[in-house]
Amino acid sequence: MSTAPIYEAVLREAGRQHQVRPFHDHLDIGAGNGELIRLFQERFGTKPSACDYTHELMKLPAQKVDIADLNVQPLPYADASFDLVTATEVIEHLADFRRVVREIHRVLRPGGVCILSTPNILNLNSRLRFLWFGFWNLFGPLPVKHSKLYSTGGHINPCSWFYIAHALLDAGFAEVAPSVDKYQRSAIPKLILLWPFIKFFGARALQRERDRYQTLDAANEPLVRAMNSTPLLLGRTVIASAAKPAR
Amino acid sequence: MQLSSKQTVLDFLKDQPFSAVLDAPSGAGWLAAGLTGCATVDGIDLYADAPGYRKIWRHDLDLPLPADCGSYDLICCCEGLEHVGNPLLLLREFFQRLTAGGRVIVTTPNVWYPQARLQYLLRGFFPSFPSLVGKIAPGTHMHITPWSWPQLYLYLKLAGFTEIKLLPEPLSEAKHFHEKLLAIPAQIHSRKRERRAKTAEEQEFWKTASSSAALLGRHLVVTAIKP
């Protein structure tokens, strides 16, 4: 999968945040070859830190990589160390992404920003693949043999926008918002075809949740509505941003 | 937990040898009541105390199991895995607390049945996964981790278990005709993968994936062994 549009979307979101909350100390989790760090330095003049499961992927000669297995270890940083934490295409590899979200909250300074990205399992191509075959795009079927969790074959945690938002809110973040990297053109005709059904059944379900089950309130209704929004029905990768409330 | 899954678990256990059982989460204590006289049963639950247990811990299953928890030859996790944020930790903890040759039984709502897939297509949510946010009242069904046969198989494998089997339960049948139709592509896909399988394990996996229990059942009842 091409990561350039994802990085571009993360930078776009960071640019929006930078106008409100200027950031300097940047942590990139799952830093890989360091491309995102380089782009942030270039565009925002950030001071970077990199965290990954290995340092072998890093191509920036001067960049130190802090090694951590985030499935079992905490982030190797003190509380309130960063203004911005990014984790692109990481949480789908983690068995316990909620703990990592709490860790991100811990290492961010009050007012700091977190930006995550993961394959969007709510786009129509993915929903239809799940309907027909039971697997989302980029999520299996995984090899039956024990696979390496760091490769694309290691996507073990399919997580839709609502549960990412739920984890972020649960960890203490606010201003949680989704965006996407790019629209999948192949999903557009499917959306045109399915639009009336999605709108009708979506509205009916919302009404039932609100009136009968009483599971909707002012806090979660925008998150639920976003599940069937055009960006999430067409977007390839979901970008979730959130801010740690200032004291 | 629905009656049919409870009955499936109890029927299965009739023929199994075990003497020390951990029930996590223990809920209202139906398992201890069902196994009275067969074994000593310990329980773990976040909220409820229930009768019939030798010992019961009030404990969050998103954390490692209590340090003074013993070792068991059977661990049952009925309708618990969908509530936890870190299911792999829980399964690994079960693995550690089981004796060699011990068995785990997991039951959880199945999100693979056609009506659930259709609902996901139209809403982005699965049935029985309500959109709750914030503090949840004790006993509220805050399901946060959806499970299908492949996903549960993967996590049990990652935790170290073998001989992973899906038990059919009485509700492993289509409720509506359109569900039978919607299940056909997945059935064809799984059978094709079964034919192309290179190992016996892979073949068994896809055979199960094409079964009614995996494709049509409302609940998964899965057992696995610690080698």
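The values are calculated or read from the model by the stated rules, or taken from the named source; none is laboratory data. Not measured: the values here are computed from a predicted model. For neighbour counting, all protein chains shown are included, and Cβ atoms are generated from backbone atoms with ideal geometry for every residue, glycine included.
The set of residues in segment A:1-41 that are among the aliphatic types (A, V, I, L, M), more than 14 Å from A:Phe82 (Cβ to Cβ) and not in a helix (DSSP H, G or I) contains only A:Met1.
Within segment B:203-213, the set of residues being facing chain A (nearest Cβ under 10 Å), of a type outside the set (Phe, Trp, Tyr) and touching a residue at least 12 places away in the same chain (Cβ under 8 Å) comprises just one member, B:Ala209. B:Leu22 falls short on exactly one of the conditions (1) surrounded by fewer than 19 Cβ atoms within 10 Å (Cβ to Cβ); (2) at pLDDT 90 or above, and that condition is (1). Residues of segment B:157-166 that are buried (at least 19 other Cβ atoms within 10 Å of the Cβ), out of contact with any Lys or Arg (no Cβ under 8 Å at 6 or more places or on another chain) and modelled with pLDDT of 95 or more: B:Leu166 alone. Listed by position, the helices (runs of 4 or more DSSP H) enclosed by segment A:149-247 that each have at least 3 residues that are closer than 30 Å to A:Arg21 by Cβ are A:161-171, A:221-227, A:230-234.
Of the conditions (1) touching a residue at least 40 places away in the same chain (Cβ under 8 Å); (2) in contact with a Ser or Thr (Cβ under 8 Å, 6 or more places away or on another chain); (3) among the aliphatic types (A, V, I, L, M); (4) within 14 Å of another protein chain (Cβ to nearest Cβ), B:Val111 fails just one. Which one is it? The one condition B:Val111 does not meet is (1). Among the residues of segment A:64-81, is there at least one that is at pLDDT below 95, over 20 Å from A:Glu175 (Cβ atoms), in a loop (DSSP other than H, G, I, E, B) and in contact with a helix residue (DSSP H, G or I) (Cβ under 7 Å, 6 or more places away or on another chain)? The answer is yes, given that some residue of segment A:64-81 is at pLDDT below 95, over 20 Å from A:Glu175 (Cβ atoms), in a loop (DSSP other than H, G, I, E, B) and in contact with a helix residue (DSSP H, G or I) (Cβ under 7 Å, 6 or more places away or on another chain). Considering segment A:92-128, the residues that are free of Cβ contacts under 8 Å to residues at least 40 places away in the same chain and more than 10 Å from chain B (Cβ to nearest Cβ) include one that is farthest from A:Asp28 (Cα to Cα), namely A:Arg106. Consider segment B:94-108 and keep the residues that are over 17 Å from B:Lys157 (Cβ atoms) and not in a helix (DSSP H, G or I). The one that is farthest from the other protein chains (Cβ to nearest Cβ) is B:Thr99. Of all the listed residues (B:Lys198, B:Lys226), the sole one being at pLDDT 95 or above and either touching a Cys at 6+ places or on another chain (Cβ under 8 Å) or of a type in the set (D, E, K, R) (or both) is B:Lys226. Only one of A:Phe133, A:Phe173, A:Phe139 is surrounded by 15 or more Cβ atoms within 10 Å (Cβ to Cβ), within 30 Å of B:Lys165 (Cα to Cα) and at pLDDT 90 or above; which? Just one listed residue meets the conditions, A:Phe133.
Could you list, in sequence order, the residues of segment A:92-111 that are part of a helix (DSSP H, G or I) and either basic (Lys, Arg) or farther than 16 Å from A:Ala50 by Cα (or both)? Result: A:Glu92, A:His93, A:Phe97, A:Arg98, A:Arg99, A:Val101, A:Arg102, A:His105, A:Arg106. Reported count of residues in segment A:192-211, each being buried (at least 17 other Cβ atoms within 10 Å of the Cβ) and away from chain B (no Cβ under 12 Å), is 0. For segment B:36-87, the tally of residues that are free of Cβ contacts under 8 Å to residues at least 12 places away in the same chain and of a type in the set (Asp, Glu) stands at 2. Residues that are closer than 21 Å to B:Pro127 by Cα and out of contact with any Gly (no Cβ under 9 Å at 6 or more places or on another chain) within segment B:63-85 comprise B:Cys77, B:Leu81, B:Glu82, B:His83, B:Val84, B:Gly85, listed in sequence order. Among the residues of segment B:144-156, those identified as assigned to a loop (DSSP other than H, G, I, E, B) and at pLDDT 90 or above are B:Thr145, B:Pro146, B:Ser148.
If I ask for residues that are facing another protein chain (nearest Cβ under 9 Å) and either farther than 19 Å from B:Leu166 by Cβ or surrounded by 12 or more Cβ atoms within 10 Å (Cβ to Cβ) (or both), which ones from segment B:185-202 would you list?
Result: B:Pro185, B:Ala186, B:His189, B:Ser190, B:Arg193, B:Ala197, B:Glu201, B:Glu202.
Can you spot a residue in segment A:194-214 that is farther than 19 Å from A:Phe173 by Cα, touching a residue at least 40 places away in the same chain (Cβ under 8 Å) and of a type in the set (Lys, Arg)? No. Residues in segment B:114-143 that are more than 9 Å from chain A (Cβ to nearest Cβ) and modelled with pLDDT of 90 or more: B:Gln115, B:Ala116, B:Phe126. Selection over segment B:70-93 of residues that are crowded, with 20+ Cβ neighbours inside 10 Å, assigned to a loop (DSSP other than H, G, I, E, B) and touching a helix residue (DSSP H, G or I) at 6+ places or on another chain (Cβ under 7 Å) gives a count of 3.
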